[in-house]
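Values in this text are rule-based calculations from the coordinates and carry no lab data. All of these numbers come straight from a predicted model, not from anything done at the bench. Positions of Cβ are generated from backbone atoms using ideal geometry, with glycine treated the same way; all protein chains shown enter the neighbour counts.
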Amino acid sequence: MAPAADKRLSGRKVAAVACFDSFGKVAMTLLAACRREGAETTLHLLQVSNRALSRRQRLEISRTDRRTTIKKGAWGDFRSLTAAMAGDTDVLILGLDGQRSRDALLMLAKEWSHNKDRPVLVSAYPGILFRFALEGMLDRSGADLLCLNSEQDVSTYRLGRQALGLSSDNAVMTGLPLLWNAEPRRSDPDKPSIVFFEQPSIPAHPLQRRYICKQLKELAEAWPDHPVIFKPRTSSIESTLHRRHGEMASVIERMSETVPNLQLSFKPATRLLRQCGCAITVSSTAALEAMAMGVSTRIVGDLGVTESLGNHFFAESGAIATFAAIAADPFTPAHKDDWLHRHGLQPHGRETFLTSLLERLHRERSALPADGLGPGSWGSRQWQTYAIRHGGRRMLSSGGARSSQRKRHRTRSLLRRLRDGLVGFGWLSRWLRER
């Protein structure tokens with residue numbers, strides 16, 4: 001290992017904030033790259049309104065880099081936490097979803113508007129972009145360094161910014177950070193498993209979910225000598241960015257009583273992939289991890305190929321198949337390596353990130369908006385001013401159109417909070433997450 005003085009980020013302080021597990025993992029991946037270059041690194045996990053990460057989720061995040069300090073807090077502390085970073089911290093990584101990225105950028109602009117020695121702002125994605133891709137990128141466009149997964153994502157971002165007469169120089173293609181550590185397996189397992197990776201909200205319809213459970217049972221019956229594993233996205237008490245349906249795990253658990261090789265597992269995806277011979281999903285990022293490790297990967301095609309399922313992202317990958325085709329031959333790799341390298345796997349992505357970060361650390365940083373508005377890609381100054389005057393700051397922080405949905409569900413949210421408080425589910429859920 002090179003002496004600390006020879007490392008490119010020696011003496012630098014790099015912090016990250018994240019609210020959900022997938023964002024926490026990608027933030028920790030970026031922090032790990034910085035720490036290996038000599039930086040002092042800290043990850044702040046901020047709880048969002050009774051949706052705290054469980055002990056298991058925090059352990060999975062910490063495994064990414066055990067030498068980076070993790071601190072727990074609340075999303076409501078973001079402003080006071082980051083206010084003290086100007087002049088003290090060199091880089092702040094925003095591991096946040098689009099809505100909270102907007103919230104964060106508005107709060108930082110207010111706190112740092114008169115401070116020239118502010119941290120470099122970095123934003124990155126924890127997964128593939130298959131819905132609202134441009135909208136999500138523009139939500140994060142106020143960052144100094146926007147890490148994108150593919151040339152297609154960079155091109156989409158460039159076109160959106162150019163249409164508004166804005167520069168896209170802050171975007172750089174790093175590939176998907178979660179794939180930086182993915183390496184092909186050296187040997188195949190003796191009795192490979194077949195693993196289905198669930199997603200929180202896909203597919204959306206209960207009938208579609210029941211169909212997948214039925215097909216997994218039949219797949220287990222067709223391959224009785226191989227474990228067929230259902231990997232839930234989270235347990236019933238754990239939180240994700242997208243609200244999960246959850247009932248697929250209970251259906252599979254009941255089915256496993258009569259099909260011995262059908263199993264549930266909450267092990268990390270990377271560990272399951274080491275013994276996996278076939279990875280199946282509708283459109284999970286786990287498919288890219290499996291491909292990068294050389295594992296045979298199948299994208300469910302029975303339900304069609306649509307934007308709502310997200311499997312249109314894999315249309316040219318060569319991996320889309322029906323369950324009938326999977327049952328006939330699950331273990332022969334079918335994906336196209338050149339497609340994988342164009343859609344997230346960048347062998348030099350870590351170095352691209354570090355080089356781009358160093359360039360911005362040595363460059364004079366532009367001032368954040370001092371007028372209480374967001375970047376130009378959120379809309380014209382006239383619109384943003386009008387939106388704030390007539391709809392309040394939430395019209396910018398929530399993306400405008402989504403704020404009307406919040407009103408529509410306010411009563412439902414109030415009833416849920418009242419129920420949890422009266423029955424006691426709120427404190428019980430928080431206690432279980434900590435175990």
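Brief remarks on what is shown
- Rounded to the nearest 5, the antiparallel percentage of DSSP beta bridges internal to the chain is 0%.
- Between the alpha-carbon centres of region 269-322 and region 139-185 there is a gap of 23 Å.
- A Förster distance of 51 Å, applied to the separation of the beta-carbon atoms of S380 and K214, puts the FRET efficiency at 0.50.
- Listed residues S397, S201, S377, most fluctuating in the chain (Gaussian network, C-alpha, under 10 Å): S201
- When the square roots of the Cα gyration tensor eigenvalues are ordered a ≥ b ≥ c, the ratio a/c for region 193-342 is under 1.5, which makes its shape rounded.
- Antiparallel %, DSSP beta bridges [both residues in region 193-342], to 5: 0 percent
- Build a GNM of the chain with springs between Cα atoms under 10 Å apart, and of K25, K336, K231 the one that fluctuates most is K336.
- Rounded to whole Hz, the Karplus (6.51, -1.76, 1.60) HN-Hα couplings of region 199-214, x for glycine and proline: 10, x, 10, 10, x, 7, 8, x, 5, 5, 5, 5, 4, 4, 4, 4
- Spatial separation of Cα centroids for region 323-361 and region 73-97, in angstrom: 31 Å
- Helix-only [θ]222 nm of the chain, DSSP H runs n ≥ 4, -39500 (n - 2.57) each, per residue, nearest 500: -12000 deg cm²/dmol
- Matching the structure-derived P(r) over Cα pairs in 10 Å bins from 0, in percent against the labelled list (1) 4, 20, 30, 26, 15, 4, 0; (2) 5, 25, 35, 23, 10, 3, 0, 0; (3) 5, 23, 35, 27, 10, 1, 0 gives the label (1).
- Under the simplified labelling scheme, the A370-T355 pair shows an inter-label distance of 3.6 nm, with each label point 7 Å from Cα along Cα→Cβ.
- FRET efficiency, 1/(1 + (r/R0)^6) with R0 22 Å, evaluated for S265 and K336 via beta carbons: 0.15
- Extreme residue, positive dipole direction of the chain, given options T332, S150, T29 (C-beta unit charges): T29
- Net charge dipole, the chain: roughly 1840 debye, given to the nearest 20, about the Cα centre with Cβ charges of +1 for Lys and Arg and -1 for Asp and Glu.
- The modelled label-to-label distance between E221 and T258, using points 7 Å beyond Cα along the C-beta direction, is 0.8 nm.
- Fewest neighbouring Cβ atoms within 10 Å first, the residues T174, T285 line up as T285, T174.
- Three-way shape call for region 344-385 based on the alpha-carbon gyration tensor, with the a/c threshold at 1.5: oblate
- Exceeding the 25 Å Cα-Cα cut-off - candidates K191/K217; K25/K267; K217/K336; K25/K72; K71/K116: K217/K336; K71/K116
- For region 107-126 versus region 188-237, the gap between their alpha-carbon centres in whole angstrom: 42 Å
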